[in-house]
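The values are calculated or read from the model by the stated rules, or taken from the named source; none is laboratory data. Given the structure is predicted, the values throughout are model-derived calculations rather than measurements. With ideal geometry, Cβ positions are generated from the backbone for all residues, glycine too; neighbour counts draw on all protein chains shown.
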Amino acid sequence: MRIRDRVRKILKRRSPWLAALLNLMPGLGYLYAGRKKLLGLSLVAFIWTWITLVGMIQSGTEMSAFLFYGAGIGALLFVCFAFARDAYIKTKERNKEK
């Protein structure tokens with residue numbers, strides 16, 4: 001195998017940990033991993049969760065701090081970490097394919 005071919009093979013591989021870290025900001029890990037369809041899906045899910053949280057705040061109903069932080073912020077964190085885990089798995093699978 002020529003040196004140029006080895007370098008190309010190394011550059012095509014992606015770091016699963018970097019993809020997971022980048023995906024804590026929804027969609028960046030998928031963009032890094034080359035999964036553009038999942039980028040759109042993660043952005044839609046994150047925006048939907050954010051709109052729900054804003055709706056809870058603006059509804060004007062009295063809600064406890066536990067409900068606000070537990071449900072609202074917790075849902076956002078859950079979505080971010082779920083997509084980070086998925087980006088890690090998808091990047092690992094992509095590396096095995098190539």
Mind checking which pairs have a first residue in segment 21-50 that is of a type in the set (Val, Ile, Thr) and a second that is assigned to a helix (DSSP H, G or I), Cβ under 6 Å, 6 or more apart or different chains?
Thr49/Ala75; Thr49/Leu76; Thr49/Val79
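Of everything in segment 82-98, what is in contact (Cβ under 8 Å) with a residue 40 or more places away in the chain and more than 8 Å from Asn23 (Cα to Cα)? Give them in sequence order.
Matches in segment 82-98: Arg85, Asp86, Tyr88, Ile89, Lys90, Thr91, Lys92, Arg94, Asn95, Lys98.
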Could you pull out every one of the helices (runs of 4 or more DSSP H) wholly within segment 1-90 that has 1 or more residues that are exposed (fewer than 11 other Cβ atoms within 10 Å of the Cβ) and modelled with pLDDT under 75?
3-12, 36-58
